[in-house]
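Worksheet: the structure to be examined is printed underneath.
Derivation of every value follows stated rules applied to the coordinates shown; laboratory data play no part. Owing to the predicted nature of the structure, the values given are computational and were not obtained by experimental measurement. In this analysis, Cβ positions are derived from the backbone assuming ideal geometry, glycine residues included, and neighbour counts consider all displayed protein chains.
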Amino acid sequence: MKATETNLKGCFIIEPTIFEDERGYFFESYNHKNFCEAIGREVNFVQDNQSFSKKGVLRGLHFQKGEHAQAKLVSVLEGRIQDVVVDLRKDSPTFGQHLSIELSEENKKQIFIPKGFAHGFLTLSESAMIFYKCDNYYNKKAEGGIRYDDVDLGIEWRLDSKDLLLSGKDSILSDLKSIRLWD
């Protein structure tokens, strides 16, 4: 496994070691000891989530506040997505900056998102199945979100806005300047 820290401190791209031959392939998608050594800290995942989305579905940008904040390890089992994270850590030199990466069944990359980030993704293929681990349990009262098209974030989504499918909840989120992050 190779872990590469991104420009957003604490956020890592994880690339597994893949063993491939004429029969197919094998790789270790998660090994607690190796993962923690690779990112240089202990993370204990307590909840696994899976979602299925059709092409054009944009989920996010979501986060959990306060004691319910979640670190995540995101991977794609089928299809391709544009995965986006936004640094919401108030004391971070990269506050408000984002990272966009393609995760797919082909590249088998994962992204580790530390606590204090918003997360979202856009399905690029006809459909996609996403799997992610969380280090804290979901709490509805602690959920928050930021508009996917917040002009201050400047995220370049890889599909035209007319082709995006958003939930009712995601379509009415506020921009970063308007939300209360730390109460």
*From the set of residues in segment 2-29 that are hydrophobic (A, V, I, L, M, F, W, C), within 30 Å of Gln97 (Cα to Cα) and part of a loop (DSSP other than H, G, I, E, B), which is farthest from the chain's Cα centre (by Cα)?*
Leu8
*Within segment 16-27, can one find any residue that is among the aliphatic types (A, V, I, L, M), touching a strand residue (DSSP E or B) at 6+ places or on another chain (Cβ under 8 Å), on the phi < 0 side of the Ramachandran plot and surrounded by fewer than 12 Cβ atoms within 10 Å (Cβ to Cβ)?*
yes
*Quick check: is even one residue across segment 83-98 in contact (Cβ under 8 Å) with a residue 24 or more places away in the chain, small (Gly, Ala, Ser) and closer than 23 Å to Asp170 by Cβ?*
yes
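Scan segment 18-36 residue by residue and report those that are over 16 Å from Ser75 (Cα atoms) and acidic (Asp, Glu). Give the derivation first.
Taking segment 18-36 as the starting set, the residues that turn out to be over 16 Å from Ser75 (Cα atoms) are 19-25, 33-34, 36.
Selection gives Glu20, Asp21, Glu22.
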